[in-house]
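Reviewing the structure listed below.
The values are calculated or read from the model by the stated rules, or taken from the named source; none is laboratory data. Small disclaimer: the values here were computed from a predicted structure and weren't measured. Ideal geometry is used to build each Cβ from the backbone, glycine not excepted, and the neighbour counts take in all protein chains shown.
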Amino acid sequence: MTVSTSTDINNIEEGLTFRPKFDASGLVTCVATDAATGDVLMVAHMNEEALRKTIASGEAWYFSRSRNALWRKGETSGQTQRVVEMRLDCDQDAVWIRVEQNGAACHTGRHSCFYRKVEAGENGARLSFVDADRLFDPKTVYRK
């Protein structure tokens, strides 16, 4: 796997060469959706190693910006993701993975990280909970 430096837009957009384009921090954004329902589960980042390990293992690997570390989804919580399909967007700077989610995707214990809806209010935008039931207690799972 190589970092794309090509300026040949046609090759990047229409070619069949896998050349993910990482940002200045060496990361590419990854959107994970539930393969069965299509629900958006989470958005995370992958560095080159995480992308390589995901492809090789069939399990989702990510790079944590806050911890500055590589991590396999579920290594602490047991809430794993098996990759069913991986796609790249047109300019190869974003990854979409369709996964079989085992348990919750969100570290808050919810099925999806997208458990709040944005609504217009009199004083601006506000949030309301949707599909916010917890599948596990994060305080129990993520003991420090």
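Observations, loosely collected:
- Hits in segment 27-41 (condition: part of a loop (DSSP other than H, G, I, E, B), surrounded by fewer than 16 Cβ atoms within 10 Å (Cβ to Cβ) and either of a type in the set (S, T, Y) or touching a strand residue (DSSP E or B) at 6+ places or on another chain (Cβ under 8 Å) (or both)): A36, T37, D39
- Number of positions in segment 60-96 that are touching a Lys or Arg at 6+ places or on another chain (Cβ under 8 Å), on the phi < 0 side of the Ramachandran plot and either of a type in the set (D, E) or outside any strand (DSSP E or B) (or both): 6
- Failed item, numbered, when V99 is tested on (1) surrounded by 17 or more Cβ atoms within 10 Å (Cβ to Cβ); (2) in contact with a helix residue (DSSP H, G or I) (Cβ under 7 Å, 6 or more places away or on another chain); (3) under 28 Å from R19 (Cβ atoms): (2)
- Here segment 75-96 is the region considered, the condition is being touching a residue at least 24 places away in the same chain (Cβ under 8 Å) and among the β-branched types (V, I, T), and the residue that is surrounded by the fewest Cβ atoms within 10 Å (Cβ to Cβ) is T76.
- Meets criteria (in contact (Cβ under 8 Å) with a residue 24 or more places away in the chain, over 13 Å from I97 (Cβ atoms), in contact with a helix residue (DSSP H, G or I) (Cβ under 9 Å, 6 or more places away or on another chain) and not small (G, A, S)) for R72: no
- Residue in segment 60-71 that is among the small types (G, A, S), farther than 27 Å from R143 by Cβ, more than 14 Å from the chain's Cα centre (by Cα) and at pLDDT 95 or above present: no
- Of all residues in segment 48-57, those that are more than 25 Å from R110 (Cβ to Cβ) and crowded, with 19+ Cβ neighbours inside 10 Å total 1.
- Residue under evaluation Y142, criteria (1) within 30 Å of T17 (Cα to Cα); (2) more than 18 Å from the chain's Cα centre (by Cα), criterion not met: (1)
- Screening S128, S112 for residues that are outside any loop (DSSP other than H, G, I, E, B), among the polar types (S, T, N, Q) and over 30 Å from E14 (Cβ atoms) leaves exactly one candidate, S128.
- Every condition in (1) assigned to a strand (DSSP E or B); (2) touching a residue at least 60 places away in the same chain (Cβ under 8 Å) holds for A44 except the one numbered (2).
- Residue within segment 6-29 that is within 27 Å of D137 (Cα to Cα) and free of Cβ contacts under 8 Å to residues at least 24 places away in the same chain present: no
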